[in-house]
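One structure is given here, and the rest of the page talks about it.
The values are calculated or read from the model by the stated rules, or taken from the named source; none is laboratory data. None of the values given here were measured: they were computed from a predicted structure. Don't worry about glycine lacking a Cβ; one is built from the backbone with ideal geometry, like all the others, and counts go over all protein chains shown. These area figures cover heavy atoms from the full protein model, side chains too; ligands, DNA and RNA do not enter into them. Shrake-Rupley method; radii C 1.70, N 1.55, O 1.52, S 1.80 Å.
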Amino acid sequence: MSSTSKPSLDPNLPAFMQKVIAAGGAAVSRRQFMKLGGIVGGGLVIGLTLGAGVLKPGKRRLTAEGAFVPNAYVQVKPDGEVILYAKNPEIGQGVKTSLPMIVAEELDADWSRVRVEQSAISEQLFGEQFAGGSLSVPRNWDSLRRAGAVARAMLVAAAAEQLEVDPAELVTEAGFVIHEASGRKLGYGALAQRAAAMPMPDPEDVPLKDRKQFRLLGRRITGVDNHALVTGQPLFGIDQRVPGMLYAVYVKAPAIGARAVSANLAQVKSLPGVKDAFLLEASGTPVEFDTSGAGMLSGVAIVADSTWAAFKAADVLEVEWDESEASSDSWRAAVAEAGRLASGSPQQVLGETGDVDAALAGGAKTIEAFYSYPFVAHADLEPQNCTAWCKDDGTVEIWAPTQTPQGAVEGAAAFLGIGMDKVLLHQLRAGGGFGRRLANDSVIQAVAISKRVGAPVKAQWRREDDMRFDYYRPGGFHSFRAALDAQGRLAAFEDHFITFTRDGKEPVTSGSLKADEFPASVLPNARMAQSLIASKLPTGPWRAPGSNAIAFAIQSFLHECAVAAGRDHVEFLLEVMGEPRWLKEGDLWSLNTGRAAGVIRLAAEKAGWGRQMPKGRGLGLAFHFSHAGHIAEVADVSVDENKKLTVHKVTVAADIGPIVNLSGAENQAEGSVVDGFSTAFGLEITFEDGRAQQSNFDRYPLLRIPHAPPVEVHYVASDFPPTGTGEPVLPPVAPAICNAIYAATGHRVRSLPLVNEGFTVQERAPRAT
């Protein structure tokens, strides 16, 4: 099937991601030829527009250095060094390595002679540039392969001309074009000048490698920034320094959405190191998730000659806040309201198949359960920050660790009332994102402060700022009913989902449930419905939006159904899947029950499913399909008499198509498991009077290294188009662990986090080195 077939849309994804998926590449592939100016020192290059779709041919020129630049991604220098440009933001997910690897594979470059650079931010050259939704590899797979293949074809043509042989007699390997019959070979660097004069082949006609021919892809390749990271090089936003730069902190109200009326500004300005302090008014709709970040909360800016001076001054700041329009949300009130709503009929039916009421009434056994999970914060290792310089000539220069750099440019231009061509953004490596840096509110704050003081400013958030004003993963509630027939088969399924709303009509961002969420998509009698609770809290995408929490509830309840039926969970899930098929034929973004069954069987086999377990120890299984990834996981868990929990191992089976960088893919899976376990075990953000009750890691305790379980990852060797791995591995973690807790103890977990049910976590003994 084609990776560019039009997919279904996940309502939990931000609107801009849905646009990219829906476009199938067409929106950006129609761009015409663009000028590449200043990518390397000197020279004008007329290149290719690659975007997310089909390449377009154009004229080429050598740079002033004599380097061959066939398109926006590839530069071959005369000395044989190859520079590849990584288009998307690097936030720890490894795309600065994996995307250039795709180009290098088709180019047949010698990876040891490759240098990777972060590309310029340009929709004209690169199409959509963002990191989110596990979309970087699937949306760029075809175009990056063709970028490498076109460059390789031109180098082969140049070698054929120089050697006076038929191009069909030549092969490429590790940066050389080789004429095997004579043993002659030419390095790519030696061919650069001649290659620049070769006719541009049609990218659609250039042959691409079969997966069996890959030499680079699928191997374990270390990250291109690893050496710089471990030697403390200034790669992150928090590291930036600009001559004449000032340092700022922006203090917002404890009650989300309150307005600053007055403050002890004179006292603050008198403090050591403080240069200025002033109120800024709210603009736009800052509590609505928006990748442009064009809205800004009201607050007080403190500008100083060091970050420490700004932070110390913030401790002295006293502000009068107007809370008349602020949030008054209460988590305790929301829990009570959800209980009330669950006892009645849903407000909205999202989707229904068959006759659910009749099937429930006629079932041999009926199961009912109520599940809940809390709001959570992103808690990036690097708190939000941005450096901005609004200059006298009407331009602005920005240094930002953002997941949506084009959104940041758009938002800054709109805020300042200038053209986007007046905004220069430097894309920096981010110290974590998980969806938080899809929003650019930190960029707008830095721009606003720099504009006011007329100097470059680094606006640095404190950890408390980061946690008290986040675009949180919304909490939610599920009231389930299911019926089993006389043979113990799932005959009916109903999910009354209770979520939050800002407008009384639609769920908040990342608070949606799909009408065809599994298992509703495969059952003859299923109803997905919802009710809404009013809220003024800001919400947004959090790693595997929607799926990260919905999987816990649904996959745990399906295990309840299997137990009620007296059935083995693997057997029960496979039966629910039914015959192997695409639910939407030709759509990579729809569930394939055959692929799902394959990973369920693989995870069970590798984890030793069905083996005898000692008392207090059990295996738990969960499956989830999200972000086009089919993932099954088995958790091996023990619980002692004091409810001390040990996760001995988590086995992951994933079908996400060809693996680009095995090291990166394994790291992403392992990180997802640790993140999923940490969140399920102890993390929650609760609110009273619109105020987050947790503001630092003393009350938001991430699990530490001694608690991290071993993770065993198995990837299916698949020829389907590749999909991402940074998000889909997370959703099955919580239900797999909770189902294992039931297998070990008979205790059913229906509410997260686990710490609220009296569980503690056992530290693991240090591993031998």
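Worth pointing out:
- Every listed requirement among (1) within 30 Å of residue 327 (Cα to Cα); (2) small (Gly, Ala, Ser); (3) buried (at least 20 other Cβ atoms within 10 Å of the Cβ) is met by residue 695 save one, (3).
- Checklist (1) under 30 Å from residue 691 (Cβ atoms); (2) of a type outside the set (Val, Ile, Thr); (3) in contact with a Ser or Thr (Cβ under 8 Å, 6 or more places away or on another chain); (4) assigned to a loop (DSSP other than H, G, I, E, B) applied to residue 496, failing item: (4)
- Scanning region 369-421 for residues that are over 23 Å from residue 235 (Cβ atoms), open to solvent by less than 10 Å² (accessible area, probe 1.4 Å) and assigned to a loop (DSSP other than H, G, I, E, B) yields a total of 2.
- Of all residues making up region 93-127, the number that are surrounded by fewer than 24 Cβ atoms within 10 Å (Cβ to Cβ) and farther than 29 Å from residue 171 by Cα: 7
- The number of residues in region 723-750 that are of a type outside the set (A, V, I, L, M, F, W, C) and either under 30 Å from residue 588 (Cβ atoms) or touching a Pro at 6+ places or on another chain (Cβ under 9 Å) (or both) comes to 10.
- Selection status of residue 764, among the charged types (D, E, K, R), over 23 Å from residue 538 (Cβ atoms) and touching a Cys at 6+ places or on another chain (Cβ under 9 Å): no
- Criterion (among the small types (Gly, Ala, Ser) and outside any helix (DSSP H, G or I)) met by exactly one of 717, 744, 740, 734: 717
- The residue that is least open to solvent (accessible area, probe 1.4 Å), among those in region 216-237 that are under 27 Å from residue 273 (Cβ atoms) and free of Cβ contacts under 8 Å to residues at least 60 places away in the same chain, is 232.
- Close pairs from region 643-660: first under 17 Å from residue 716 (Cα atoms), partner polar (S, T, N, Q) and assigned to a strand (DSSP E or B), Cβ under 9 Å, at least 6 apart: 655/592
- The set of residues from region 128-159 being of a type in the set (S, T, N, Q) and either open to solvent by less than 10 Å² (accessible area, probe 1.4 Å) or out of contact with any Ser or Thr (no Cβ under 7 Å at 6 or more places or on another chain) (or both) comprises 129, 136, 140, 143.
Matching residues to (1) without any contact (Cβ under 8 Å) to a residue 60 or more places away in the chain; (2) in a loop (DSSP other than H, G, I, E, B); (3) among the β-branched types (Val, Ile, Thr); (4) over 30 Å from residue 246 (Cβ atoms):
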position	(1), (2), (3), (4)
432	no, yes, no, no
446	no, no, no, no
465	no, no, no, no
481	no, no, no, yes
486	no, yes, no, yes
491	no, no, no, yes
513	no, yes, no, yes
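- Matching strands (runs of 3 or more DSSP E) fully within region 238-281 where at least 3 residues are buried (at least 21 other Cβ atoms within 10 Å of the Cβ) and touching a helix residue (DSSP H, G or I) at 6+ places or on another chain (Cβ under 8 Å): 246-252
- Single residue of 489, 502, 462 found to be open to solvent by 30 Å² or more (accessible area, probe 1.4 Å), touching a Phe, Trp or Tyr at 6+ places or on another chain (Cβ under 8 Å) and at pLDDT 95 or above: 462
- Test for residue 670: is it within 24 Å of the chain's Cα centre (by Cα) and surrounded by fewer than 23 Cβ atoms within 10 Å (Cβ to Cβ): yes
- The residues of region 562-578 that are in contact with a Ser or Thr (Cβ under 7 Å, 6 or more places away or on another chain) and either open to solvent by 20 Å² or more (accessible area, probe 1.4 Å) or modelled with pLDDT under 95 (or both) amount to a single one, 578.
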